[in-house]
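Here's the structure we're looking at; comments come further down.
Please treat every number below as a calculation from the coordinates, not as lab data. Just so it is clear, the structure is predicted and the values come from calculations on it, not from any experiment. Using ideal geometry, Cβ is built from the backbone for each residue, glycine included, and neighbour counts are taken over all protein chains shown.
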Amino acid sequence: MNRELKIFSGNANPALAHEISAFLGQKLGEATVASFSDGEIRVKIDENVRGADVFVVQSCCQPVNDSLMELLIIIDALKRSSANRITAVIPYFGYARQDRKDQPRVPITAKLVADLITTAGADRVLTMDLHAGQIQGFFNVPVDHLYALPVLLDYITKKKLTDVVVVSPDAGGVERARAFAKRLQANLAIIDKRREGPNQAQIMNIIGDVEDKSVLLLDDMIDTAGTIVQGAQACADQGAREVWTACTHAVLSGPALDRLQSSCISQVVVTNTIPLRGKEQVCTKLHQLSVAPLLGEAIRRIHEDESVSSLFA
């Protein structure tokens, strides 16, 4: 059956949804996503979606809980409107850092969110750079997990940095940094980090040689920027010539902007999985790249039942 492709968006990142629609030569689906006076979210799908192959673009970014509830309610509205298949396109998957019991009596919230999305009616999920790859297993529906590596790599390559060392800010990001270093034909270093509490980190030492090198600190997200800034300073203290940072998700909460602006970092390269707002848009050290073509191509392949695996690299 030739199912019609339709793309809808919540209020979390409408600019990215418009970019994806433009890439696919589609018009963004018409829907009302607003709130009642008491804060309850109100959704109405303003066009026919019966039998359609529907993709809902919604990052779980600030305000996180509102963004998540919008996603769940839009999916439910589409399911009750007889959409043939619903794919939740979640460029930034929220609550991903709560993916295991690392302390007594704490929840595994990433699993809870996965269950909520599935229960709401999503038939599959398309996401990017999960904080932990095993979160794919939290879903009982197919998950396509993309990486922003090709987008970041293309930009860094064009900068023609010399004597590059790709640095992982912690042990958990080594696999990501190694893959980037391999494609960049660069050396790899690791920062030994001890976390003192939520959003707090203490840099211990650097495993690898960064002296007189161009350092690229690579992470999946920058939240309060404590880890990245301390890591950059540790590299500078070890004699790095310059320090660049690259990440997929620019969460940028709390003192992040001030920390980045006053740090020794030359440039912070991020993607638009999360939109830049307010002061973030004028921060001189931030440079944002678009992942719309990558997500758009994945959506096209899913819709046409083609392989998506070549996009996972």
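Brief remarks on what is shown
- Ordering of 178-189, 55-66 by packing is 55-66, 178-189, highest average first (other Cβ atoms within 10 Å, averaged per residue).
- The long axis of helix 149-159 is offset from the longest Cα principal axis of the chain by roughly 50 degrees.
- Modelled FRET efficiency - R0 25 Å, Arg183 with Arg50, Cβ distances, 0.05 increments: 0.05
- Cut-off under 5 Å, modelled amide H: who pairs with Ala31 long-range: Asp46
- Packing-based exposure ordering (other Cβ within 10 Å, fewest first) of Ile117, Ile222: Ile117, Ile222
- Distance (nanometres) between label positions extended 7 Å along Cα→Cβ at Lys279 and Ser253: 1.7
- Rg [Å, one decimal], Dmax [Å, integer] - the chain, C-alpha atoms: 20.0, 62
- Cut-off under 5 Å, modelled amide H: who pairs with Leu216 long-range: Val165, Val166, Val167, Trp244
- Spherically averaged projected area of the range 105-168 from its Cα convex hull (nm²): 6.4
- Degrees separating the helix 292-303 axis from the principal Cα axis of the chain, which is the longest one: 40
- For the range 160-279, the fraction of C-alpha pairs farther apart than 23 angstrom is 22 percent.
- Residues Leu153 and Leu28, FRET efficiency given R0 of 22 Å [Cβ-Cβ distance, rounded to 0.05]: 0.15
- Förster radius 51 Å - calculated FRET efficiency between Glu306 and Asp212, Cβ distance, rounded to 0.05: 0.65
- For a modelled paramagnetic label at Thr119, 7 Å from Cα along Cα-to-Cβ, the residues of the range 46-84 in reach, with backbone nitrogen under 14 Å, are 69, 72-73, 76.
- Among the GluC sites (Glu not before Pro) found in the range 247-313, those both in a DSSP coil and sparsely packed, with 13 or fewer other Cβ atoms within 10 Å of their Cβ, are Glu304, Glu306.
- The chain - mean residue ellipticity at 222 nm from DSSP helices (-39,500 (n - 2.57) per run, n ≥ 4, rounded to 500): -9000 deg cm²/dmol
- Near Ser253, once Lys and Arg are set to +1 and Asp and Glu to -1 for all other residues with Cβ below 13 Å from its Cβ, the sum equals +1.
- In sequence order, calculated HN-Hα J values of the range 28-40 (Karplus, 6.51, -1.76, 1.60; Hz; x Gly/Pro): 4, x, 8, 8, 9, 10, 9, 9, 6, 4, 8, x, 5
- Ranking of Leu16, Leu294 by neighbouring Cβ atoms within 10 Å, starting from the fewest: Leu294, Leu16.
- In angstrom, the C-alpha Rg and Dmax of the range 100-249 are 17.2, 53.
- Arg42 paired with Ser266, simple spin-label distance in nm, labels 7 Å along Cα-to-beta-carbon: 5.2
- Overall shape: prolate for the range 8-108, with the ratio a/c of the largest to smallest alpha carbon gyration tensor axis at 1.5 or above and a/b above b/c.
- Taking a ≥ b ≥ c as the square roots of the eigenvalues of the Cα gyration tensor, the range 34-164 is classed as prolate, since a/c reaches at least 1.5 and a/b is larger than b/c.
- Sparse-neighbourhood loop sites, trypsin sites (Lys or Arg not before Pro) in the range 44-132 - DSSP loop, at most 10 other Cβ within 10 angstrom: Arg50, Lys101, Arg105
- Applying both filters, DSSP loop and at most 12 other Cβ atoms within 10 Å, to the trypsin sites (Lys or Arg not before Pro) of the range 277-310 gives Arg277.
- Whole-angstrom gap from the range 73-95 to the range 238-313, using each part's C-alpha centre: 24
- The ranking of Ser9, Ser307, Ser214 from fewest to most other beta carbons within 10 Å of each one's beta carbon is Ser307, Ser214, Ser9.
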